[in-house]
Every structure is written in structure tokens, then in C-alpha cells.
Amino acid sequence: MRTHTNHAQDTEDFGWQLACARPEADTALAVVYLTGELGAGKTTFARGFLRALGVADAIPSPTYTLLEIYSAGAVTGVHLDLYRVAVPRELESLGLREWARPGCVWLIEWPERGTGWLPPPDLTAAFSAGTHGHEIEVSAGSAPGAAWLEALTGEPPAS
């Protein structure tokens with residue numbers, strides 16, 4: 001599934017829509033990889049997604065902290081930004097296993113820097129910045145991810 005956003009608010013709104021489309025919102029771990037270059041809208045998307053979960057606090061980029069945890073009722077948002085990670089082993093000290101449980105949603109920016117230490121994605125949102133906005137392509141990486149995309153678009157994902 002592909003979408004185009006013209007403004008930061010459009011990107012945030014799309015994050016909101018994707019969060020609201022998630023089936024079985026509090027019964028399984030959900031993992032969303034956010035890929036793309038710097039400035040492509042990954043954190044803006046995550047902000048909209050987390051707002052839809054019910055996070056009312058400020059949602060900063062976790063570029064320097066690497067990890068931010070947001071409690072939102074029955075769902076916990078785990079926002080990772082691995083841009084500053086040099087080797088995947090650095091993730092060991094973050095205590096991620098504690099958050100690899102039902103009721104948690106992981107949003108992972110720069111997931112390629114955590115290869116071998118992260119759960120596989122249910123969805124991957126690939127961001128690219130252009131002169132007239134941003135392109136976001138979302139693909140499913142699991143059966144729950146495919147159901148999630150279908151809930152968002154009303155159509156089964158293309159094979």
C-alpha cells in the first residue's frame with residue numbers, strides 16, 4: 001500500500017490511521033519497522049501513531065535516548081530510534097525483552113541497525129522524501145500484518 005503526504009500533519013494523520021486499523025489491539029505484540037532516510041517523516045508518523053493509542057504527553061524523537069516507552073491504557077508503545085547504534089549488540093542493555101509481550105506495539109526507526117536483535121516486523125513502512133512531500137509504502141511481513149493492512153485499506157494486500 002502506498003500513500004503520499006504533502007505536510008507533516010498528513011504524515012502524522014497517516015500514523016493515526018494505521019494505529020486505529022490494528023486488529024486485536026491488545027492481544028499480541030505488534031512490530032512496525034520504519035525505514036527511510038533522515039527527514040523522511042518516520043518520527044512524525046510515530047507521533048501520530050502513538051497519539052492514536054492515547055498518548056497525551058510530549059512525544060520527542062528517541063534519537064539520543066534510543067528508547068521511549070509510552071503507557072496508553074491496555075497498550076504500551078515502544079518507540080526505538082536506532083540511528084546512533086553502531087553494532088546490534090548495543091540493544092542488549094535496553095531491556096527490550098521486557099516489552100516483547102502482548103499488548104505492546106514497537107515502532108522501530110532504523111531497524112537495519114538492530115539486525116539479529118529485533119523481532120521480525122508485522123509491517124514495514126518505508127518513507128522517502130521528495131520535493132513535493134513524502135511517499136510512504138507499507139508492506140506486511142506477517143499474517144497479522146496482512147490482516148492489519150486489509151483493515152486499513154479494505155482490500156487484501158497484493159502478493
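Rule-based calculations on the coordinates, nothing more; no lab input. In this text, all values refer to a predicted model and were calculated from it rather than measured experimentally. When we count neighbours, we look across all protein chains shown, and the Cβ atoms used for this are built from the backbone with ideal geometry, even at glycine.
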Set the Förster distance to 35 Å, then compute FRET efficiency between Glu155 and Ala8 from the Cβ-Cβ distance, nearest 0.05. 0.80
Tensor-based shape of region 1-113 (alpha-carbon gyration tensor, a/c under 1.5 rounded, otherwise prolate or oblate): oblate
Kindly list the residues of region 44-67 that lie in the label zone of Glu37, defined by a backbone N under 19 Å from the point 7 Å along the Cα-to-C-beta vector. 44-45
Working out 0.36 nm times the residue gap between Thr63 and Thr115, then minus their Cα-Cα distance, what length gain in nm do you get to one decimal? 16.9 nm
Run lengths n ≥ 4 of DSSP H only: what is the helix-derived mean residue ellipticity at 222 nm for the chain, with -39500 (n - 2.57) per run over all residues, to the nearest 500? -7500 deg cm²/dmol
Between Thr131 and Ala100, the two model label points (7 Å from Cα along the beta-carbon direction) sit apart by a distance in nm of 4.5 nm
